[in-house]
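What follows is one structure encoded as structure tokens, with my remarks underneath.
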Amino acid sequence: MKKNYLLLCVLLSAFLMLQSVFAQTTVINELYSRGTDAELDWIEIYNPTASSIDITGYKIYDSGGFNGTKPKKDFPLGSVIPANGFLVIIVDDTAASGFGLSSSGEKVWFENASGLVIDSVDLVAITDTATSYGRLPNGSANWQILNPRTRGISNYVINIGVVINELYSRGTDAELDWIEIYNPLATSV
């Protein structure tokens, strides 16, 4: 009986340790590299967990930060991402750590406050200013060009498109049958 109890304790401990090693964490979720003066290049970070996460002191960078030729961009004090939420950081600013994302593609790294790289992405070439590069669904391993871009909101909306929202089939001469179409996108269709 003692051996079974001991074995159960060891297995439970091993399971809990593995869960902490493979726990979900924040990830790079979307990148916009066709910035203008009105909308600079940005990177969206996604929190796939059921709790808010403070990423103050985390860093994001391109090859300049990776090679040490320029400072890495710090997430400032108060960079809290709500549960299942998003945080967008402008990367193409005038700070010494500022970097523009190359529209012809490049690698970007994301590290925690301890300096451990927790995510990276090879940004592909982007030619259209209306598009970005992101994960669909959010936080998944599936990267694709997103049109329209979905800064700070779920990438799922691009997969929905125009849908039938409501039907009325008990029409009369005074009120005929009808179908309501809904557009959940931020752009006209």
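The values are calculated or read from the model by the stated rules, or taken from the named source; none is laboratory data. Predicted, not measured: the structure shown is a model, and the values here were computed from it. For neighbour counting, all protein chains shown are included, and Cβ atoms are generated from backbone atoms with ideal geometry for every residue, glycine included. Accessible surface is based on the protein model in full, side chains and every heavy atom, while ligands, DNA and RNA are left aside. Shrake-Rupley method; radii C 1.70, N 1.55, O 1.52, S 1.80 Å.
In square angstrom, what is the accessible area per residue of region 34-73 with a 1.4 angstrom probe?
On the way: 1860 Å² over 40 residues.
On a per-residue basis, 47 Å².
For region 30-112, state which GluC sites (Glu not before Pro) are in a DSSP loop and have at most 14 other beta carbons lying within 10 Å of their beta carbon.
Numbers: sites: Glu30, Glu39, Glu44, Glu106, Glu111; in loops: Glu39.
Hits after loop and neighbour filter: Glu39.
Report the extension gain between Ser52 and Thr36 in nm, rounded to one decimal, defined as 0.36 nm multiplied by the number of residues separating them, less their alpha carbon distance. Present the calculation step by step, with values, prior to reporting the outcome.
Details: separation 16, 0.36 × 16 = 5.76 nm, distance 3.12 nm.
Using 0.36 nm per residue and subtracting the Cα-Cα distance, I get 2.6 nm.
Calculate, in nm to one decimal, what Asn67 and Tyr156 gain on full extension: separation in residues at 0.36 nm each, minus their alpha carbon distance. Let's see the in-between values first.
Details: separation 89, 0.36 × 89 = 32.04 nm, distance 3.48 nm.
Answer, rounded to one decimal: 28.6 nm.
Just the number, please: carbon plus sulfur as a percent of the accessible area of region 44-133, 1.4 Å probe, no ligands or DNA/RNA counted.
Working: 2100 of 4100 Å².
Carbon and sulfur atoms account for 51 percent of the accessible area of region 44-133.
I'd like the FRET efficiency for Ile145 and Asp122, computed as 1/(1 + (r/R0)^6) with the beta carbon distance as r and R0 of 22 Å, rounded to 0.05. Before the final figure, lay out the partial values.
On the way: r = 13 Å, r/R0 = 0.61.
Taking R0 as 22 Å, the efficiency between Ile145 and Asp122 is 0.95.
What does the accessible area per residue of region 86-170 come to in Å², with a 1.4 Å probe and no ligands, DNA or RNA counted? Write down the numbers at each step before the final one.
On the way: 4360 Å² over 85 residues.
Result: 51 Å² of accessible area for each residue.
So, R0 is 41 Å and r is the distance between the beta-carbons of Val80 and Glu166; what FRET efficiency does that work out to, to 0.05? Each step should come with its number before you reach the end.
Working: r = 38 Å, r/R0 = 0.92.
The computed FRET efficiency comes out at 0.60.
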